[in-house]
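Engineer: Dumping the structure here so I can ask a few things about it.
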Amino acid sequence: MNNWLNIIQNKCLPPRCMFCGRPGFDEMDLCRDCFYDLARNHNCCYRCAEHFEIPIQSPQLCGRCLKKTPSFDETHAPFLYDDGLRFLITRLKFNRQFKHARLLGTLLARHLAENVELPECIIPVPLHSNRYRERGFNQSIEIARHLSNQLALPLDLNSCTRNRDTAHQTGLPAKQRGKNMRHAFSVSRPPAYRHIAIVDDVMTTGATVAALASALKEQGVNRVDIWVCARA
């Protein structure tokens with residue numbers, strides 16, 4: 001049924017590139033040229049996906065992860081947070097462009113299907129109720145819905161909650177970001193899964209996803225991976 005719906009949609013409303021307006025390719029709202037213009041994050045730390053300026057030949061850890069192991073196990077961030085990904089993410093978050101969630105979810109799902117060991121479940125980073133009422137939606141949930149459909153993975157929206165309406169992370173230094181997120185999340189019911197992936201739009205220092213991963217591991221989850229569209 002989904003395949004037929006996609007065929008009908010592509011015939012009636014063929015995909016158009018969100019950047020330049022030219023015809024999309026591979027059933028995406030992105031043309032081939034703009035797709036290849038997106039900055040990839042191939043050369044990065046396998047734990048936190050921090051980009052390395054010097055090419056590496058095998059999986060390595062960055063200095064920060066060597067000094068202090070994060071509470072999560074791996075991070076998969078296929079793109080860098082440059083102009084292209086910034087446009088897609090900010091237009092989704094602040095302009096309610098939900099079609100951007102579909103494209104972001106598709107780009108992330110295709111990367112993950114080829115490169116990772118899939119978890120038993122995915123959990124989008126929750127918003128505090130005050131922030132949810134202000135924005136009207138959670139961009140991480142919108143992206144995660146497409147990941148769930150395309151990768152055939154359960155989507156858990158009920159196990160984790162955000163305890164505090166934390167200050168915006170934008171503009172805060174790395175240490176302050178960590179303090180800002182301390183005890184920000186709780187697990188209302190222990191998940192029945194032992195391998196979970198946390199889904200978010202963009203990762204900067206990793207303080208937010210680290211706090212959520214820590215809360216999950218305290219409840220017995222063995223492995224927590226981070227899936228984000230872009231790494232800042």
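Engineer: Sum up the charges of everything whose Cβ sits under 10 Å from the Cβ of Pro124, counting Lys and Arg as +1 and Asp and Glu as -1, but leave Pro124 out.
Structural biologist: Values: positive: Arg145; negative: Glu142, Asp156, Asp200, Asp201.
Around Pro124, the charge tally is -3.
Engineer: Right, something else. Over the stretch 19-174, with the other protein chains present, what is the accessible area per residue in square angstrom, probe 1.4 angstrom? Intermediate results must be reported in sequence, preceding the final value.
Structural biologist: Working: 8440 Å² over 156 residues.
On a per-residue basis, 54 Å².
Engineer: Which of Ala77, His183, Cys44 sits farthest toward the positive end of the charge dipole of the chain, with +1 on the Cβ of Lys and Arg and -1 on the Cβ of Asp and Glu?
Structural biologist: Positive-most Cα among the choices belongs to His183.
Engineer: Near Ala184, within a Cβ-to-Cβ distance under 9 Å, what is the net charge of the other residues, with Lys and Arg +1 and Asp and Glu -1? Could you put the intermediate results ahead of the total?
Structural biologist: Numbers: positive: Arg162, Arg164, Arg182; negative: none.
Once all neighbours under 9 Å are counted, the net charge is +3.
Engineer: Could you work out how far helix 98-115 tilts from the main Cα principal axis of the chain, as a 0 to 90 degree angle to the nearest 10?
Structural biologist: 70 degrees
Engineer: Can I ask one more? Using a cut-off of under 17 Å, list every residue of the stretch 63-94 whose amide N is near the label point 7 Å from the Cα of Asp33 along the Cα-to-beta-carbon line.
Structural biologist: 84
Engineer: Taking amide H atoms as placed 1.01 Å from N in the peptide plane, list the residues 5 or more away in sequence, or in a different chain, whose amide H sits under 5 Å from that of Cys44.
Structural biologist: Here Phe52 satisfy the definition.
Engineer: Suppose only helical runs count, i.e. DSSP H with n ≥ 4. What mean residue ellipticity at 222 nm does that imply for the chain under -39500 (n - 2.57) per run, divided by all residues and rounded to the nearest 500 deg cm²/dmol?
Structural biologist: -11500 deg cm²/dmol
Engineer: Something else now. Order the following by accessible area, largest value first: Arg64, Arg91, Arg40. Probe radius 1.4 Å; ligands, DNA and RNA are ignored.
Structural biologist: On the way: Arg64 145, Arg91 85, Arg40 55 Å².
Correct descending sequence by accessible area is Arg64, Arg91, Arg40.
Engineer: Cα-based count: Lys pairs in the chain below 21 Å, eight or more positions apart or different chains?
Structural biologist: Numbers: Lys11/Lys99; Lys67/Lys175; Lys67/Lys179; Lys67/Lys217; Lys68/Lys175; Lys68/Lys179; Lys68/Lys217; Lys179/Lys217.
Lysine pairs meeting both conditions in the chain amount to 8.
Engineer: Okay, next question. Applying 1/(1 + (r/R0)^6) with R0 = 35 Å to the Cβ-Cβ distance of Ala192 and Asn130, what FRET efficiency is obtained, to the nearest 0.05?
Structural biologist: For R0 = 35 Å, the calculated efficiency reads 0.75.
Engineer: Right, another one. For the chain, give the share of DSSP beta bridges that are antiparallel, in percent and rounded to the nearest 5; count only bridges with both residues there. Please report the intermediate quantities before stating the final value.
Structural biologist: Values: 6 of 24 bridges.
Taking every DSSP beta bridge within the chain, about 25 percent pair in antiparallel fashion.
Engineer: Could you work out how far helix 139-151 tilts from the main Cα principal axis of the chain, as a 0 to 90 degree angle to the nearest 10?
Structural biologist: Value to nearest ten degrees: 70.
Engineer: Now a separate question. What's the angle, to the nearest 10 degrees (0 to 90), between helix 83-95's Cα axis and the longest principal axis of the chain?
Structural biologist: Roughly 80 degrees between the two axes.
Engineer: For the charge dipole of the stretch 1-139, defined by +1 on Lys and Arg C-beta atoms and -1 on Asp and Glu C-beta atoms about the Cα centroid, which residue among Gln97, Cys65, Phe19 has the Cα displaced farthest towards the positive pole?
Structural biologist: Selected residue: Gln97.
Engineer: What accessible area, in Å² to the nearest ten, does a 1.4 Å probe give for Ser129?
Structural biologist: 60 Å²
Engineer: So what's the net charge close to Thr90: Lys and Arg +1, Asp and Glu -1, counting the other residues with Cβ under 11 Å from its Cβ? It would help to have the intermediate numbers written out before the result.
Structural biologist: Details: positive: Arg86, Arg91, Lys93; negative: Asp83, Asp201.
Overall, the nearby charge balance is +1.
The values are calculated or read from the model by the stated rules, or taken from the named source; none is laboratory data. Everything numeric here is computed off the predicted structure, so don't read it as measured data. For neighbour counting, all protein chains shown are included, and Cβ atoms are generated from backbone atoms with ideal geometry for every residue, glycine included. With ligands, DNA and RNA removed, areas are computed over all heavy atoms of the protein, side chains included. Shrake-Rupley method; radii C 1.70, N 1.55, O 1.52, S 1.80 Å.
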